[in-house]
Amino acid sequence: ESTKPGVTQASEGVLANFFNSLLSKKTGTNA
Amino acid sequence: MENNSLCDSLLKWLETFPGREGIAIHHLTDGVAMANVLHQIAPEYFTQFWLTKIKPDVGDNWRLKVSNLRKVQQGIVDYYQEQLNQNIKHFPLPDLSKIGEHGDKMEMGQMLQLLLGCAVNCENKQQYIEAIMNMEERVQKVIMEAIQELMLRESS
């Protein structure tokens, strides 16, 4: 179960994956 | 993407910047606050000298508002091209007259979307991305879609 009301683990996972991949993306490239 | 939701969510995102609590569309139509946020995001590019080109206290003069907005928009386009090596020529640039004259929510949403792209790609992106990750999921989802839309258009 998610720790946040009304939020599924799947939804949290998609968001976390997306933002983490953005964090690891090299700055200043199109990669 | 539903543009009311986009604008509302990106206004909430802007509120995560220090001193921007309670910010609303009418605070943004003269371009001054957006220019200051850009200076905060990438001070090495949006320098103090660049900021001096943005006229403060333009009041209700929509021509001066649009002039400021044009400088902000051009700065963003140049930043994508020169600093991020990203071409956004396929992204529809917002109609600045509609923002300056009427505070158009749809066009403002697109303008803030461009600003968001600067924040999540800049040298200090970690702090901005982490701030987004602490926002409510509903807003995070809209922001994620806004970034994906920018990225899709960058690569198209």
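Details
- Candidate cross-link partners of A:Lys26 among the aspartates and glutamates, defined by an alpha-carbon separation under 15 Å and a same-chain spacing of 8 or more, comprise B:Glu123.
- Size descriptor, Kirkwood hydrodynamic radius, that averages inverse alpha-carbon separations across the protein assembly as shown, Å: 16.9
- Mean-square fluctuations from a GNM of chain B, with a 10 angstrom spring cutoff on Cα atoms, peak among B:Gln83, B:Gln73, B:Gln48 at B:Gln48.
- Kirkwood hydrodynamic radius of segment B:85-147, Cα pairs, Å: 12.9
- Reach of B:Lys71 by Cα under 20 Å, taken over aspartates and glutamates that are not fewer than 8 positions away in the same chain: B:Asp30, B:Glu44, B:Asp57, B:Asp60, B:Glu82, B:Asp95, B:Glu101, B:Asp104, B:Glu107
- Sorted by Cβ neighbour density within 10 Å, fewest at the top, the residues B:Asp104, B:Asp78: B:Asp78, B:Asp104
- In the distance distribution for chain B, Cα-Cα pairs more than 29 Å apart total 9 percent.
- Note on chain B: GNM, Cα springs under 10 Å; of B:Arg70, B:Arg138, B:Arg20, the largest mean-square fluctuation is that of B:Arg138.
- Dividing the helix sum by the residues of the protein assembly as shown, where each DSSP H run of 4 or more adds -39500 (n - 2.57), gives a mean residue ellipticity at 222 nm of -19000 deg cm²/dmol.
- Cα-based reach from B:Lys12 at 18 Å (exclusive), listing lysines while leaving out same-chain residues under 8 positions away: B:Lys105, B:Lys125, B:Lys141
- When the convex hull of its Cα atoms is projected in every direction, mean area for segment B:3-50 (nm²): 3.7
- Going by neighbour counts of Cβ atoms within 10 Å, the residues B:Thr29, B:Thr47 line up, fewest first, as B:Thr47, B:Thr29.
Readers should treat all values here as calculations from the given coordinates under stated rules, not as data from a laboratory. Computed from a prediction, not measured in an experiment: that's the story for all the values here. With ideal geometry, Cβ positions are generated from the backbone for all residues, glycine too; neighbour counts draw on all protein chains shown.
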